[in-house]
1. Just to check your reading of the model, which residue among ASP119, ASP147, ASP114 is surrounded by fewer than 17 Cβ atoms within 10 Å (Cβ to Cβ) and modelled with pLDDT under 90?
2. When only residues in the range 89-111 that are touching a helix residue (DSSP H, G or I) at 6+ places or on another chain (Cβ under 8 Å) and of a type in the set (A, V, I, L, M) count, which is surrounded by the most Cβ atoms within 10 Å (Cβ to Cβ)?
3. Would you check if there is a residue in the range 78-88 being touching a Lys or Arg at 6+ places or on another chain (Cβ under 8 Å), part of a loop (DSSP other than H, G, I, E, B), surrounded by fewer than 16 Cβ atoms within 10 Å (Cβ to Cβ) and of a type in the set (Phe, Trp, Tyr)?
4. Find all pairs meeting these conditions: Cβ atoms under 6 angstrom apart; at least six residues apart or on different chains; first residue within the range 173-189 and in contact (Cβ under 8 Å) with a residue 60 or more places away in the chain; second residue surrounded by 10 or more Cβ atoms within 10 Å (Cβ to Cβ) and assigned to a helix (DSSP H, G or I).
5. Looking at the range 113-132, which of its residues are under 15 Å from TRP103 (Cα atoms) and small (Gly, Ala, Ser)?
6. Evaluate the range 74-81: report whether one residue or more is touching a Pro at 6+ places or on another chain (Cβ under 6 Å) and not basic (Lys, Arg).
7. May I ask you to list pairs of residues, at least six apart or on different chains, whose Cβ atoms are under 6 Å apart, with the first in the range 106-126 being within 22 Å of VAL59 (Cα to Cα) and the second being modelled with pLDDT of 90 or more and in a loop (DSSP other than H, G, I, E, B)?
8. Any idea which of GLU57, GLU38 is over 20 Å from the mean Cα position of the chain (by Cα), in a strand (DSSP E or B) and at negative phi?
Amino acid sequence: MLGLPSSTDVNRRISKEKLYANATPVTSVRDIIKDQIESVVWRNKLADSTVGVATGETVKEIQVFEIALRQKVLDKRVLSTIAKAIPYKILFVLTFGGEAQAWMEVSGSFYNTDWFSLDGFMLRFEGLNLDAVYENLARQIAGGRLDAEGDIAGAVERDKQRQKLEREIAIFEKKLMREKQFNRQVELNSGLKRLKAELEGLGYWDNES
């Protein structure tokens, strides 16, 4: 499915009972697993022994889990629960109706791709060691939200700051549209410019917005 070598193949179905036993989800997440997931298959294992890429300082293995959905949505709490139960990095591939979507947790935040046709769904597994492979995958999946250079944890933190500023900008813009008093409009506009300048300073601002 991802063009990985056969040496990485596992193709082992994981029963929901096994998930319940290992991940110990709360009742609400257990119900979501039951209602939203058709099956979970451990598709691939990326390790020194399977791909010939050196083990990283922090990433020892990357597992690929395919989650077949019953509907084109999955509560993110399910992925968090599974990720906490597995002592390795996980690339989640959600599938539904001939389409696929990749998810990966990076420094406590989940990132995902858009939905793609299974036939055209490809990711690049590149890097001199598994740390680099993991970071390259994360940046691909994030689709430009994570800086291309530098520490991945720092990139996630900057992305959180950008998202926070974007939310604040949206609030200011709505207030500005509704405000009738000129003095208050000037005040809001000044605050809006300040927030946009902060966002631009983080290197992620669409000047047309």
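The values are calculated or read from the model by the stated rules, or taken from the named source; none is laboratory data. Since this is a predicted model, take the numbers as computed values, not measurements. In this analysis, Cβ positions are derived from the backbone assuming ideal geometry, glycine residues included, and neighbour counts consider all displayed protein chains.
1. After applying the criteria, what remains is ASP119.
2. Checked the range 89-111; the qualifying residue surrounded by the most Cβ atoms within 10 Å (Cβ to Cβ) is MET104.
3. Scanning the range 78-88 turns up at least one residue that is touching a Lys or Arg at 6+ places or on another chain (Cβ under 8 Å), part of a loop (DSSP other than H, G, I, E, B), surrounded by fewer than 16 Cβ atoms within 10 Å (Cβ to Cβ) and of a type in the set (Phe, Trp, Tyr).
4. Note: no pairs meet the criteria.
5. none
6. Initially, the range 74-81 is screened for residues touching a Pro at 6+ places or on another chain (Cβ under 6 Å), giving 81.
Filter again for not basic (Lys, Arg), leaving 81.
So far as the range 74-81 goes, yes, one or more of its residues are touching a Pro at 6+ places or on another chain (Cβ under 6 Å) and not basic (Lys, Arg).
7. Listed by first residue and then by second, the contacts come to nothing, as the list is empty.
8. From the options GLU57, GLU38, the qualifying one is GLU38.
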